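Asker: Mind having a look at this structure? Questions to follow.
The values are calculated or read from the model by the stated rules, or taken from the named source; none is laboratory data. Since this is a predicted model, take the numbers as computed values, not measurements. Heads up, the Cβs are rebuilt from the backbone with ideal geometry, glycines too, and the neighbour counts pull from every protein chain shown.
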Amino acid sequence: MVAKCQVISLCRSLLRAGRKYPDYNIREYTKRRTLDGFRMNKNLTDPLKAIEAYDEGNAQLEAVQRVLKVYLAYPPKTKNIMELKVQ
Amino acid sequence: MALRNALLRHLRVPVTVRGSKQSPIRFIRAFSSHDDHLSKQDVVDRVLDVVKSFPKVDPAKVTPDVHFQKDLGLDSLDTVEIVMAIEEEFKLEIPDKEADKIDSCSLAIEYVFNHPMSS
């Protein structure tokens, strides 16, 4: 069985990794996707399914961190309009 | 040695107090992070603003000593989300061990207020 603190830690790592993206859209998407994913599986009682979901989350975290390197190497040239402050 | 002392006595540079031509002594230490430290009231207001702007929270219920899960009816994931939002607001990085302990407004306020890097 996966411990609650492990799940919370995974959630936090995903949110932290997603926050580093230079692109606004990806940043928001990873945050939304992370929280939705955890909410979707919050009522899992079957230990096997919980472990499966936890492993999937870890695989997603690796993907987020891998793709982040590409995005940091090629950041967007302009800011998203959502990031601009209203004058 | 005696010669050296005698020489030094005659060669001493006179110390004079310069008038107000010079700028007054600066008590502000540049590069010191503690000078612009946040006031307690500032921290309280900003933490409460973050919590109030959370979509599932009823802004009327938020007070400085409200408990996220007991009083506001949030779950542990919401708590994680709020703590992350507070991190972003104050430009902090709260380690997991500390972040797990923050489960109420009062603890969050205390942590942020005592953190030297919060801004």
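Asker: Scan the range A:1-29 for residues that are more than 12 Å from every other protein chain (Cβ to nearest Cβ) and under 15 Å from A:E56 (Cα atoms) and jot them down.
Answerer: A:M1, A:V2, listed by residue number.
Asker: Further question on the same structure: Say we look at the range A:36-54 and pick out the residues that are in a helix (DSSP H, G or I), in contact (Cβ under 8 Å) with a residue 12 or more places away in the chain and within 17 Å of B:D75 (Cα to Cα); which of these is nearest to the other protein chains (Cβ to nearest Cβ)?
Answerer: Applying the filter and picking the extreme gives A:F38.
Asker: Among the residues that make up the range A:15-30, is at least one of them out of contact with any Ser or Thr (no Cβ under 6 Å at 6 or more places or on another chain), over 23 Å from B:E89 (Cα atoms), without any contact (Cβ under 8 Å) to a residue 12 or more places away in the chain and of a type outside the set (D, E, K, R)?
Answerer: No, because not a single residue in the range A:15-30 is out of contact with any Ser or Thr (no Cβ under 6 Å at 6 or more places or on another chain), over 23 Å from B:E89 (Cα atoms), without any contact (Cβ under 8 Å) to a residue 12 or more places away in the chain and of a type outside the set (D, E, K, R).
Asker: So, one more: Would you confirm whether any residue within the range A:18-29 is hydrophobic (A, V, I, L, M, F, W, C), under 10 Å from the mean Cα position of the chain (by Cα) and in a helix (DSSP H, G or I)?
Answerer: yes
Asker: Would you mind stating whether B:S20 is away from every other protein chain (no Cβ under 14 Å), touching a helix residue (DSSP H, G or I) at 6+ places or on another chain (Cβ under 9 Å) and at pLDDT below 90?
Answerer: no
Asker: Could you tell me whether the range B:40-63 includes any residue that is out of contact with any His (no Cβ under 7 Å at 6 or more places or on another chain), assigned to a helix (DSSP H, G or I) and within 14 Å of chain A (Cβ to nearest Cβ)?
Answerer: Within the range B:40-63, not a single residue is out of contact with any His (no Cβ under 7 Å at 6 or more places or on another chain), assigned to a helix (DSSP H, G or I) and within 14 Å of chain A (Cβ to nearest Cβ).
Asker: I need every pair where a residue in the range A:73-87 that is closer than 12 Å to A:Y21 by Cα has its Cβ under 9 Å from the Cβ of a residue that is outside any helix (DSSP H, G or I) and acidic (D, E), sequence separation at least 6 or different chains.
Answerer: Filtered contacts from the range A:73-87: A:P75/A:D23; A:P76/A:D23.
Asker: Name the residues in the range B:75-90 that are surrounded by fewer than 19 Cβ atoms within 10 Å (Cβ to Cβ) and more than 7 Å from chain A (Cβ to nearest Cβ), would you?
Answerer: B:D75, B:A85, B:E88, B:E89
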